[in-house]
Amino acid sequence: MRTQVAIIGAGPAGLMLAHLLHLRGVESIIIEARSREYVEGRVRAGVLEQGTVDLLNETGLGERMRREGLLHHGIELGFSGKRHRIDMKELTGNAITVYGQHEVVKDLIQARIVAGREIIFEAEDVSIHGLDGSTPIVRYKKGGDAHELQCDYIAGCDGSHGVCRPSVPAGVLTTYERDYPFGWLGVLADAAPSQGELVYMNHERGFALFSMRSPSVTRLYLQCSPAEDINNWSDDRIWDELLLRLRGDDRWQPNVGRILQKGITAMRSCVTEPMQFGRLLLAGDAAHIVPPTGAKGMNLAIADVRILAKALLEYYTSGSAVLLDRYSQICLRHIWKVQRFSWWMTSMLHQFPDASPFDKRRQIAELDYVTTSLTAARSLAENYVGLPIESNDLL
Ligand code: FAD
Ligand code: DHB
């Protein structure tokens, strides 16, 4: 088998890359380790930046998102028992849309199937070869049979535990990382959201986040120990803790309902540089992880492949690899700004086990500043709705 671009991974990065290439006539095949049902059912991020929303609309994928997505003009930051609104629309002219990552994934898979293009699900033993030559190869097994796919480029969109990044020879890549001494326990609850906007709460018992997925489903997160066992968290214990942390002086609280799904995610910041080696181009979580507090993971994955698609299209239309050669450099400039924001939001809102009384007071002062200074609030808002890729970088 042969294709122009072999894409490893059918997450938001791989699927969106395939879609953008297909719209401009470049052929690709997606190879995914999991089943379609698994990929479509994986509940993760939920906040789409304006740029992600625009891209979905511009490429014909926005119909269901416009119908079912929830447009939010602001968010609330809570601390010391009170919630404070950041009006993103007024501060930046932009907004965010709450629409689950797995809904975006479903829409992308549907578009791929309608286009008659291939996704190979449940591929086993995926491996990549010949990255420093002109015809790299992907090998995989499906149903016990071995297959080989030749291509011009391999897009490594296989997430943080994939095979692409570890296939680069030792010494080529550098990873910059930071672990956090906590994780998030996330739940999906069969309960109508008790208010229209997200609440990020700094509480002395730990961070809590109130979010939603639809007019009848609430999404909530609790800061927990990174090694926490989900089996220690009964539904009653989860609700007790959520109510303790989220209930403010005005007695507002989330509506309680049946817990439909629960899970724990560790928190990490990491960036791999460069994001390319020979004919392999890394995108999304395969190259970087952000802690989820800024809601940036999926948006960053989409931003990467937007640049990658442009670079690949330039190569296929003019034969020039100039933009492809600069792919990593262009992405990294944006990624580091988003890393900074995600680290800053995480640091401002969580309880750190080693925080001194000084650190705690400084943290509250930071929240006080950001919720009272229009200049500080605008800085938060412009990062939250999404920084643009520097347009000069794409020339
Ligand atoms: P992924 O979505 O990870 O997609 C990679 C794909 O590659 C997967 O489908 C995987 O099955 C496939 N794959 C892996 N290995 C192989 C292989 N060897 N061969 C073939 N295919 C392979 N972000 C937020 O902003 N907010 C959140 O609340 C949030 N929650 C999260 C919860 C969890 C548990 C995780 C893991 C991430 C969360 N994120 C969150 C981050 C966000 O979901 C990711 O940034 C986003 O999924 C990145 O998209 P991606 O396409 O790069 O990678
Ligand atoms: C959601 C996740 C986030 O990481 C975040 O910052 C806001 C909302 C969510 O899943 O709804």
(message) Given Cβ point charges of +1 (Lys, Arg) and -1 (Asp, Glu) and nothing else, what value in debye, to the nearest 20, does the dipole of segment 118-205 about its Cα centre take?
(response) 200 debye
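How high is the relative contact order of segment 159-244, in percent, with contacts defined as C-alpha pairs under 8 Å that are six or more residues apart?
Reported relative contact order: 27 percent.
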(message) Could you give the length gained by full extension between PHE352 and GLN195, i.e. 0.36 nm per residue of separation minus their alpha carbon distance, to one decimal place?
(response) 53.7 nm
(request) Please check which bits of segment 279-310 a label hung off GLU118 would reach, taking the label as a point 7 Å along Cα-to-C-beta and the cut-off as backbone N under 20 Å. (result) 280-281
(request) Express the C-alpha Rg of the chain as a ratio against the empirical globular expectation 2.2 N^0.38 Å, rounded to two decimals. (result) 1.00
(request) With an 8 Å cut-off on Cα pairs and a minimum separation of 6 or more residues, tell me the relative contact order of segment 1-90 in percent. (result) 18 percent
(message) Run the Debye formula on the Cα coordinates of segment 13-124, all scatterers equal and no solvent, and tell me log10 I(q)/I(0) at q = 0.11, 0.12, 0.17, 0.19 1/Å.
(response) -0.45, -0.52, -0.87, -1.01
(message) If each DSSP helix of 4+ residues adds -39,500 (n - 2.57) and the sum is divided by the residues in the chain, what number results at 222 nm, nearest 500 deg cm²/dmol?
(response) -11000 deg cm²/dmol
(request) Using the charge dipole of the chain (Lys, Arg: +1 at Cβ; Asp, Glu: -1 at Cβ; taken about the Cα centre), state which of LEU108, ASN94, LEU55 has its Cα farthest towards the positive end. (result) ASN94
(request) State, to one decimal in nm, how far the label point of LEU71 lies from the label point of SER35, with both points 7 Å from Cα in the Cβ direction. (result) 3.9 nm
(request) Return one whole number: the accessible area per residue of the chain in Å², for a 1.4 Å probe. (result) 43 Å²
(request) Give the calculated FRET efficiency between HIS161 and THR372 to the nearest 0.05, with a Förster radius of 41 Å applied to their Cβ-Cβ distance. (result) 0.45
(request) Read phi for every residue in segment 67-76 and hand back ³J(HN,Hα) as whole Hz from Karplus 6.51 cos²θ - 1.76 cosθ + 1.60, θ = phi - 60°, with x for Gly and Pro. (result) 7, 9, x, 10, 7, 10, 8, x, 10, 10
(request) Would you work out which of PHE207, LEU323, SER28 lies farthest towards the positive end of the dipole of the chain, given +1 charges on the beta-carbon of Lys and Arg and -1 on that of Asp and Glu, about the Cα centre? (result) PHE207
(request) Let me see the pair-distance distribution of segment 111-238: every alpha carbon pair, 10 Å bin width, integer percents in order. (result) 9, 24, 21, 24, 19, 3
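With only Lys, Arg, Asp and Glu charged, each at its Cβ (+1 for the first two, -1 for the last two), find how big the charge dipole of segment 45-84 is about the Cα centre; round to the nearest 20 debye.
Roughly 260 debye, rounded to the nearest 20.
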(message) At 1.4 Å probe size, with the rest of the protein present, what percent of the exposed accessible area of the chain is carbon and sulfur atoms?
(response) 49 percent
(request) Take every Cα pair under 8 Å in the chain that's 6+ residues apart, average their separations, divide by the length, and report that relative contact order as a whole percent. (result) 20 percent
(request) Please identify the helices of the chain, taking whole runs of DSSP H, that span at least 15 Å along their own axis as judged from the Cα atoms and have a mean Kyte-Doolittle score of 1.0 or higher. (result) 12-23
(message) With +1 on the Cβ of every Lys and Arg and -1 on the Cβ of every Asp and Glu, and nothing else charged, how large is the dipole of the chain about its Cα centre, in debye rounded to the nearest 20?
(response) 400 debye
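The values are calculated or read from the model by the stated rules, or taken from the named source; none is laboratory data. Bear in mind the structure is a predicted one, so any value in this text is a computation, not a measurement. Note that each Cβ is placed from the backbone with ideal geometry, even for glycine, and that neighbours are counted across all protein chains shown. For accessibility, only protein heavy atoms count, side chains too; no ligands or nucleic acids. Shrake-Rupley method; radii C 1.70, N 1.55, O 1.52, S 1.80 Å.
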